[in-house]
Amino acid sequence: MNQKVFLINDTEDVYHWGCNGTSLQIKEQLTRMGVVNIFTLPVYTIPRLPNIPEKVSDIGTREDFIQHFTPIANAMNASDFIVVNGEGTIHDFKPGVRALLFLIIAAKKFFNKRVYLINHSCYPNSTDETILNYYKEAYRSCEFIAARESLSCLIIRMVLGVPCNESFDSLPLTIRNIQNDIPGQLIIGEYVCISGAVNYNLLKTDFIIAKIKKNYPRHRIVYLTGSKKEGIHKKEQTVINHYLEKFPEIIVFDAKTLEDWLSIIKHSAALISGRYHYTIAGACFGTPMVYFSSNTPKIEAIAYDNGLPPVVATQEEYNERLDSLHKIQWHSKLDLLCKKAEENYTWLSIND
């Protein structure tokens, strides 16, 4: 291939280790196919971009774009094609979403680049024509689109009116690659693993912990966190402090490597989480799980698509699920999820 690629929305360094694992896999797939240079735009820079048009009709000229976004324009111009890691970003119409959609439009409109939008979920959550037109313009600008679950694919096809390939998140491919490097149990004794959520409600804490203590009285409780560069994300620290104030005996495990993060999930007696990548990792290992909804229906969708129990929303549902975990046949779905995740990259041979 011997080509250069601009990777937009790189999540290798921030949020948590699951996001790291997805971005690593995208880069590995590109490198494996002979890409010699990967320019990246980190996820945290995108919401901060200034001068993002509010409407499609407000989008200016190529010269305007080059003037306002010179480094990005240079990267687009130097690239043979552009890959957008849509993970965790394309829902609603907040500044980061609008900026990402705008960059997709600009890549095609101003530089005539092939844009490959992969590893993502799509939830516009709006009937506003201005917002939907922005989404449509961006998605029409893509050469190839892969969404992580059937519901996103349905929205892309029926609402946005463009073809979409159903795939999955790329994390399972990384897990498969490094599974022999995942350490054994890092916590002494049996334990239940918990995490927060992007939309965590502090009112849930008491009933979550109370039921764990009732059903697993001899187990330790481990709050799993950590990321490559940030360590514990500043927003998550509030949730952790809340847990520790109420239950100081909880162990906070700040994973320093992806392998350690995976080990905690793999060897836990049960995983209680509202985080997407934690749930995926649990599914890859066959870890018994209870999961709450995230900020979009993406966890509901992957549960439905892959034969997992549905999410829980209330205290009653949570208690019932924790009581019935032993009745569910939990087994690794790694092979299934890897096969789906590979659908993100079927276009790579076209560029060979």
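Please get the size of the charge dipole for the stretch 52-129, origin at its Cα centre, with Cβ charges of +1 on Lys and Arg and -1 on Asp and Glu, quoted in debye to the nearest 20.
240 debye
Using only Cα atoms, what Kirkwood radius does the stretch 18-162 have, in angstroms?
Working: mean 1/r = 0.0641 Å⁻¹.
15.6 Å is the Kirkwood radius here.
Over 19 Å between C-alpha atoms is what I'm after, so list which of K55/K298; K27/K108; K266/K333; K204/K235; K109/K136 land there. Show your work: numbers first, answer last.
Working: K55/K298 27 Å; K27/K108 22 Å; K266/K333 13 Å; K204/K235 17 Å; K109/K136 14 Å.
Long pairs (Cα-Cα over 19 Å): K55/K298; K27/K108.
Please give, to one decimal in nm, the separation of the simple spin-label points placed at D206 and D58, each 7 Å out from Cα toward the Cβ.
4.5 nm
What range in the chain is the longest one free of trypsin sites (Lys or Arg not before Pro) that are in a loop by DSSP and have at most 16 other Cβ atoms within 10 angstrom?
On the way: sites that count: K55, R218, K229, K256.
Within the chain, the longest run free of exposed trypsin sites (Lys or Arg not before Pro) spans 56-217.
Could you run the Debye sum over the Cα atoms of the stretch 119-233, one equal point scatterer each and no solvent, and tell me log10 of I(q)/I(0) at q = 0.10, 0.18, 0.19 Å⁻¹, two decimals?
-0.56, -1.03, -1.06
Calculate for the chain the 222 nm mean residue ellipticity that helices alone would give, adding -39,500 (n - 2.57) per DSSP H run of length 4 or more and normalising by residue count, nearest 500 deg cm²/dmol. Write out the running numbers ahead of the final one.
Working: 14 runs with 147 residues, N = 352.
Mean residue ellipticity, 222 nm, calculated: -12500 deg cm²/dmol.
What residues from the stretch 2-23 fall in the zone where the backbone N is under 19 Å from a label point 7 Å along the Cα-to-C-beta line of E230?
8-23
What's log10 of I(q)/I(0) for the stretch 213-294 at q = 0.24 Å⁻¹, Debye sum over Cα points only, no solvent?
-1.43
Write down Rg/Rh for the stretch 253-352, rounded to two decimals, with Rg from the C-alpha atoms and Rh from the Kirkwood relation over Cα pairs.
On the way: Rg = 15.1 Å, Rh = 14.7 Å.
Dividing the radius of gyration by the Kirkwood radius yields 1.02.
Mean Kyte-Doolittle of at least -1.0 and a Cα length of 15 Å or more along the axis: which whole DSSP H helices of the chain meet both? Present the calculation step by step, with values, prior to reporting the outcome.
Numbers: long enough: 17-32 (22 Å, -0.73); 95-111 (23 Å, 1.42); 129-140 (16 Å, -1.12); 205-215 (16 Å, -0.12); 234-246 (19 Å, -1.42).
Within the chain the helices that satisfy the rule are 17-32, 95-111, 205-215.
Take T130, project a point 7 Å from its Cα along the Cβ direction, then tell me which residues of the stretch 73-101 have their backbone nitrogen under 20 Å from it.
91-101
Name the long-range amide H neighbours of N119: under 5 Å, sequence gap of 5 or more, or other chain; modelled H, no Pro or chain starts.
A146
Rounded to the nearest 0.05, what FRET efficiency do M33 and L186 give with R0 = 35 Å and r taken as the Cβ-Cβ distance? Could you check? Could you put the intermediate results ahead of the total?
Numbers: r = 35 Å, r/R0 = 1.00.
Once the sixth-power term is evaluated, E becomes 0.50.
Quick one: compute the contact order of the stretch 181-333, relative version, from alpha carbon pairs under 8 angstrom and 6+ residues apart, as a percent. Intermediate results must be reported in sequence, preceding the final value.
Details: 235 pairs, mean separation 40.1, N = 153.
Computed over the stretch 181-333, the figure is 26 percent.
Where the convex hull is taken over the Cα atoms of the stretch 181-333, what is its projected area averaged over directions, in nm²? Kindly include the intermediate steps, with their values, before the conclusion.
Values: hull surface 34.4 nm².
One quarter of the hull surface, i.e. the mean projection, equals 8.6 nm².
Taken together, the values in this text are just the output of simple stated rules run on the coordinates, not laboratory data. Everything numeric in this text was worked out from a predicted model, so none of it was measured. Here Cβ is always computed from backbone atoms with ideal geometry, including for glycine, and neighbour counts include all displayed protein chains.
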